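Asks: Below you'll find the structure I mean.
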Amino acid sequence: MSTTETPLLVSAQAKWVRMSARKARVVLEHIRGRSVPEARTILFFTPRAGAREIAKVLASAVANAESAHGLEGDELRIEAAYADEGPTLKRWRARARGRANRIRKRTCHITVVLAPMERERLDRGRPRKSATESGAQATEPSSASKPSASKRKAKRTEGAAA
């Protein structure tokens, strides 16, 4: 039997946020799978009201990771981010002729789950030696496989004439 190491996941949740889950999901799609600094930047420049609430949840999740597990906040990525529907407050609004319309004040529960980045992602920003620097010769693709610009232009005009 081999022991499988379970990845460390840190989460934070905001419950009963006065916003519909549908509106929160639009913003959450932008940050899902990104690094924490990148997600913070996206949320800062997103003009939707949900971005402020999600930024608070993200800050809370980062604080949880730093205090409870000693992780570095900038070396985390967003593993999962989702908004579940919360209870709906039902109110009534008076209308003409003694009638009433229902007003639904929706709420949602926003959850952000963080995980440490893989080593490859952390190394991505550092320059690496390419194959040409290490001594190997780079081969150029043959020009026979690519049609020339004049042939492409002739083909385009031929198709437009038809």
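Asks: Hey, among Gly33, Gly50, which residue is loosely packed, with under 14 Cβ neighbours inside 10 Å, touching a residue at least 24 places away in the same chain (Cβ under 8 Å) and among the small types (Gly, Ala, Ser)?
Replies: Checking each option against the conditions leaves just Gly33.
Asks: A further question follows. Confirm whether Ser60 is surrounded by 13 or more Cβ atoms within 10 Å (Cβ to Cβ) and either within 16 Å of Leu9 (Cβ to Cβ) or modelled with pLDDT of 95 or more (or both).
Replies: For Ser60, the condition - surrounded by 13 or more Cβ atoms within 10 Å (Cβ to Cβ) and either within 16 Å of Leu9 (Cβ to Cβ) or modelled with pLDDT of 95 or more (or both) - is met.
Asks: Please go through the range 91-110 and pick out each residue that is in contact with a strand residue (DSSP E or B) (Cβ under 7 Å, 6 or more places away or on another chain) and without any contact (Cβ under 8 Å) to a residue 24 or more places away in the chain.
Replies: Selection gives Arg91, Trp92, Arg93, Ala94, Arg95, Ala100, Asn101, Arg102, Ile103, Arg104.
Asks: Consider Glu118 carefully, then state whether it is surrounded by fewer than 12 Cβ atoms within 10 Å (Cβ to Cβ), under 21 Å from Thr6 (Cβ atoms) and either under 20 Å from the mean Cα position of the chain (by Cα) or touching a residue at least 60 places away in the same chain (Cβ under 8 Å) (or both).
Replies: Criteria met by Glu118.
Asks: Going by the conditions given, is Pro7 in contact (Cβ under 8 Å) with a residue 40 or more places away in the chain and in a loop (DSSP other than H, G, I, E, B)?
Replies: Answer is yes for this residue.
Asks: Exactly one of these conditions fails for Ala81: (1) in contact with a Leu (Cβ under 8 Å, 6 or more places away or on another chain); (2) without any contact (Cβ under 8 Å) to a residue 12 or more places away in the chain. Give me its number.
Replies: Condition not satisfied by Ala81: (2).
Asks: Another question, then. Within the range 41-105, considering only strands (runs of 3 or more DSSP E) that don't extend past its boundaries, which have at least 2 residues that are over 19 Å from the mean Cα position of the chain (by Cα) and not aromatic (Phe, Trp, Tyr)?
Replies: Qualifying strands (runs of 3 or more DSSP E): 89-94, 100-105.
Asks: Only one of these is of a type outside the set (Ser, Thr, Tyr), closer than 23 Å to Val17 by Cβ and at pLDDT below 95: Gly135, Gly86, Gly125, Gly73. Name it.
Replies: So the residue among Gly135, Gly86, Gly125, Gly73 that is of a type outside the set (Ser, Thr, Tyr), closer than 23 Å to Val17 by Cβ and at pLDDT below 95 is Gly73.
The values are calculated or read from the model by the stated rules, or taken from the named source; none is laboratory data. Model, not experiment: these values are computed from the prediction. Counting neighbours? That spans all protein chains shown, and the Cβs are built from the backbone with ideal geometry, glycine included.
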